[in-house]
Amino acid sequence: MIALQALGRHEYDRVAHIAVAPEQEGFCGTIAGHFEMDEAGCDFHIVTRDDHPVGFFKIDTAYPTRYDFARPGEVGLRGVMIDHKEQGKGTGKAAMKLLRSYLLRNYPVARTCVLTVNVVNPVARAVYLAAGFQDEGGLFHGGRIGPQHILRLYLSKMAVA
């Protein structure tokens, strides 16, 4: 069973084994890199399969202060990675489909979740769209690997722009 859980900053050992293929690191980073950044306002979370950590992501409550395309009341989804041994099994898609209800429970004041996904990463974009994220046509040009689509997941019917 796929589930989402909070991860404490002291729990590096639980996720140290999670790694993506080297060519994917430019999109999502590494576990070690996320722990080293230690950004204020970023909470760590894991994707589990049968209680075993197989993925990682951050929820950035300070996202609107970091990126001018983000709106007040939005949280950012960052650093999403599914371990390379777990990819292709539907884990990422299942995790993203759980995200709306997870965020509503854990970030009740958030109206929307926003992320960027590189234009050269259509597989990830398709996963986010299948999970309910919407592409409103905006692009972010400040990414390390080039332009990125800006996608939003509206967390409640009242939040729809």
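The values are calculated or read from the model by the stated rules, or taken from the named source; none is laboratory data. Remember, predicted model here, so these are calculated numbers, not experimental data. Heads up, the Cβs are rebuilt from the backbone with ideal geometry, glycines too, and the neighbour counts pull from every protein chain shown.
Confirm whether Ala6 is part of a loop (DSSP other than H, G, I, E, B), in contact with a helix residue (DSSP H, G or I) (Cβ under 8 Å, 6 or more places away or on another chain) and at pLDDT 95 or above. Taking the combined requirement at face value, the residue does not satisfy it. Regarding Val160, is this residue farther than 20 Å from Ile31 by Cβ, modelled with pLDDT under 95 and of a type in the set (A, V, I, L, M, F, W, C)? Spelling it out, Val160 is indeed farther than 20 Å from Ile31 by Cβ, modelled with pLDDT under 95 and of a type in the set (A, V, I, L, M, F, W, C).
Taking strands (runs of 3 or more DSSP E) as the structural unit, those lying wholly within segment 73-142 and holding at least 1 residues that are without any contact (Cβ under 8 Å) to a residue 24 or more places away in the chain and among the hydrophobic types (A, V, I, L, M, F, W, C) correspond to 134-140. In segment 29-43, the residue that is nearest to Asn106 (Cα to Cα) out of those that are surrounded by fewer than 20 Cβ atoms within 10 Å (Cβ to Cβ) and either modelled with pLDDT under 95 or hydroxyl-bearing (Ser, Thr, Tyr) (or both) is Ala40. Go over the candidates Val54, Val20 one by one and state the one that is closer than 26 Å to Leu104 by Cα and not in a helix (DSSP H, G or I). Val54 is the lone residue from the list that is closer than 26 Å to Leu104 by Cα and not in a helix (DSSP H, G or I).
For segment 49-77, give me the residue count where each residue is surrounded by fewer than 20 Cβ atoms within 10 Å (Cβ to Cβ) and in contact with a Phe, Trp or Tyr (Cβ under 8 Å, 6 or more places away or on another chain). Residues flagged as surrounded by fewer than 20 Cβ atoms within 10 Å (Cβ to Cβ) and in contact with a Phe, Trp or Tyr (Cβ under 8 Å, 6 or more places away or on another chain) within segment 49-77 amount to 3.
Condition test on Ile46, is it touching a Lys or Arg at 6+ places or on another chain (Cβ under 8 Å), surrounded by 15 or more Cβ atoms within 10 Å (Cβ to Cβ) and among the aliphatic types (A, V, I, L, M)? Answer is yes for this residue.
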